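The structure appears right after this line, and notes come after that.
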Number of protein chains: 2
Amino acid sequence: MLAAREPVTLRALVEGTGASTMAVYTHFGGMPGLWSAVRQEGFTRLTARLAAVPRTDDAVHDLAALGVAYARTALEHPELYRAMFDAGADLADEAAADASFDRLVAAAARARDEGRLAPDADPRTLATQVWAAGHGLVSLVVQGVLPAEVLAPLTTSTTVALLAAAGDEPGRCRASVEAAWAAG
Amino acid sequence: MLAAREPVTLRALVEGTGASTMAVYTHFGGMPGLWSAVRQEGFTRLTARLAAVPRTDDAVHDLAALGVAYARTALEHPELYRAMFDAGADLADEAAADASFDRLVAAAARARDEGRLAPDADPRTLATQVWAAGHGLVSLVVQGVLPAEVLAPLTTSTTVALLAAAGDEPGRCRASVEAAWAAG
DNA sequence: GCTGAACCATAGCGTTGCTATGGCATGATG
DNA sequence: CATCATGCCATAGCAACGCTATGGTTCAGC
């Protein structure tokens, strides 16, 4: 129903499944609980996608590859992505969302430890910047404000700008990030 | 009702106004039309806020000041900001939103023309990057994912990174952007 | 074979957005 | 001045929404 852009109503949901509306309440405790489960599933899929990103010997490439996987996941199921970041929604298992973010922090830390970034660069700050910028671009694309074609080039240049500001050599950085987008 | 975080229902809206539900339909054509008008009002206010940003002789400072005004406006009325970028909503007058963006593009173009940025820097691309990154940070703060305290420093460093990548001298750039946040 | 708990189908409540209808102004026209 | 046309809104009611109370069904454990 999300993919078909149909309004997700309780009655339409159980229609055809042979179950009645009560089944939703016994299993999810109501409509908000169902949405919470949907978001949970979204973050679970996202975490699985990020976990499947292979580790290479280029930490900056891997950091960018996480961003690529993030964007691809979001664009594959835009409605799910919007549901994940829907307002006024509390996530039952916040660890799922944190796990994805921690992977980004770890990649940034590795890039720093391997000498690609300045020694005083904060991986957490950098990861937050990359994530927020990517989230902003993906959000605008997902809801049609920006065309999908600009996502790759804009995310690339923004990521390169952030990493270069953190100490990486711009030319080498751009090569790593562009390789990640080409591979993904 | 937005500020009080009450659910905006048609019946609750007309209660106390002496009018009936039909008034909403004659003036707005229904509930979607009313939300469209709310978003319109949001963009109108945003445009007014950005128009009130004074022009100095530092184009980079002015560009950052637009970002500060944007963030301040969003955080003052978080529910209005969320409504403005709500999914599945078509804006009646798209020119209002474009007007705000054009101010950002103009500021970037001025920075380039005054020699702060590289001659081949594209103002439109840079403006889109700054806007998307700011939108991402503001969105995450507005819905409580990130704490409000990180907005100023993260927006500052991201903006500096993007402008530095576009050719500005990092130290001078940071001074300009930080001055904008201190003034706003 | 009995008991207790878990689960769900049925029916119905209150509220939602929305529409059909009719009454009441106001302003132009003869 | 009388008449009609038009725009606006109050009333009443409809279909659909999320949700709950109730009772029937199923199945594991003793």
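Answer with yes or no whether residue A:176 is more than 10 Å from chain B (Cβ to nearest Cβ), more than 30 Å from residue B:85 (Cα to Cα), hydroxyl-bearing (Ser, Thr, Tyr) and in contact (Cβ under 8 Å) with a residue 24 or more places away in the chain. Please lay out each step first, then the result.
Working: more than 10 Å from chain B (Cβ to nearest Cβ): yes; more than 30 Å from residue B:85 (Cα to Cα): yes; hydroxyl-bearing (Ser, Thr, Tyr): yes; in contact (Cβ under 8 Å) with a residue 24 or more places away in the chain: yes.
Yes.
Residues of the stretch B:3-51 being in a loop (DSSP other than H, G, I, E, B), within 13 Å of DNA strand C (Cβ to nearest atom) and within 30 Å of residue B:135 (Cβ to Cβ), which ones? Give the steps one after another, and end with the answer.
The initial filter retains those residues of the stretch B:3-51 that are in a loop (DSSP other than H, G, I, E, B), namely B:3-9, B:15-20, B:29-30.
If we keep only those that are within 13 Å of DNA strand C (Cβ to nearest atom) as well, we get B:6-9, B:15, B:19-20, B:29-30.
Result: B:6, B:7, B:8, B:9, B:29, B:30.
Can you go through A:154, A:162, A:146 and tell me which one is facing chain B (nearest Cβ under 8 Å) and part of a loop (DSSP other than H, G, I, E, B)?
Values: A:154 fails: part of a loop (DSSP other than H, G, I, E, B); A:162 fails: part of a loop (DSSP other than H, G, I, E, B).
Result of the check over A:154, A:162, A:146: A:146.
If residue B:26 meets every condition in (1) more than 18 Å from residue B:159 (Cα to Cα); (2) surrounded by 15 or more Cβ atoms within 10 Å (Cβ to Cβ) apart from one, which number is that one?
(2)
Over 30 Å from residue A:182 (Cβ atoms) and either free of Cβ contacts under 8 Å to residues at least 40 places away in the same chain or within 13 Å of DNA strand D (Cβ to nearest atom) (or both): does that describe residue A:54? Can you show your working first?
On the way: over 30 Å from residue A:182 (Cβ atoms): no; either free of Cβ contacts under 8 Å to residues at least 40 places away in the same chain or within 13 Å of DNA strand D (Cβ to nearest atom) (or both): yes.
In short, no.
Find all pairs meeting these conditions: Cβ atoms under 9 angstrom apart; at least six residues apart or on different chains; first residue within the stretch B:4-28 and within 14 Å of chain A (Cβ to nearest Cβ) and among the hydrophobic types (A, V, I, L, M, F, W, C); second residue more than 7 Å from DNA strand C (Cβ to nearest atom) and part of a loop (DSSP other than H, G, I, E, B).
B:8/B:1; B:8/B:2
Among the residues of the stretch A:8-57, how many are touching a Ser or Thr at 6+ places or on another chain (Cβ under 8 Å) and of a type in the set (S, T, N, Q)?
1
What number of residues within the stretch A:126-143 satisfy the criterion of being at the interface with another protein chain (Cβ under 7 Å from one of its Cβ atoms), over 19 Å from residue A:174 (Cα atoms) and in a helix (DSSP H, G or I)?
Of the residues in that region, 6 qualify.
Of everything in the stretch A:1-13 that's more than 10 Å from DNA strand D (Cβ to nearest atom) and surrounded by 11 or more Cβ atoms within 10 Å (Cβ to Cβ), which residue is farthest from residue A:77 (Cα to Cα)?
Our first condition is that a residue be more than 10 Å from DNA strand D (Cβ to nearest atom); within the stretch A:1-13, this holds for A:1-5.
Now narrow it down to the ones that are surrounded by 11 or more Cβ atoms within 10 Å (Cβ to Cβ): A:1-2.
Working: A:1: 12, A:2: 8 Å.
Ranking the candidates gives A:1 first.
Can you tell me which of A:29, A:16 is more than 11 Å from DNA strand D (Cβ to nearest atom), over 23 Å from residue A:78 (Cβ atoms) and at pLDDT below 95?
Working: A:29 fails: more than 11 Å from DNA strand D (Cβ to nearest atom).
Residue meeting the stated conditions: A:16.
The values are calculated or read from the model by the stated rules, or taken from the named source; none is laboratory data. Keep in mind that what you see is a predicted model, and the values were worked out from it rather than measured. Note that we place each Cβ from the backbone using ideal geometry, even for glycine, and neighbour counts take in every protein chain shown.
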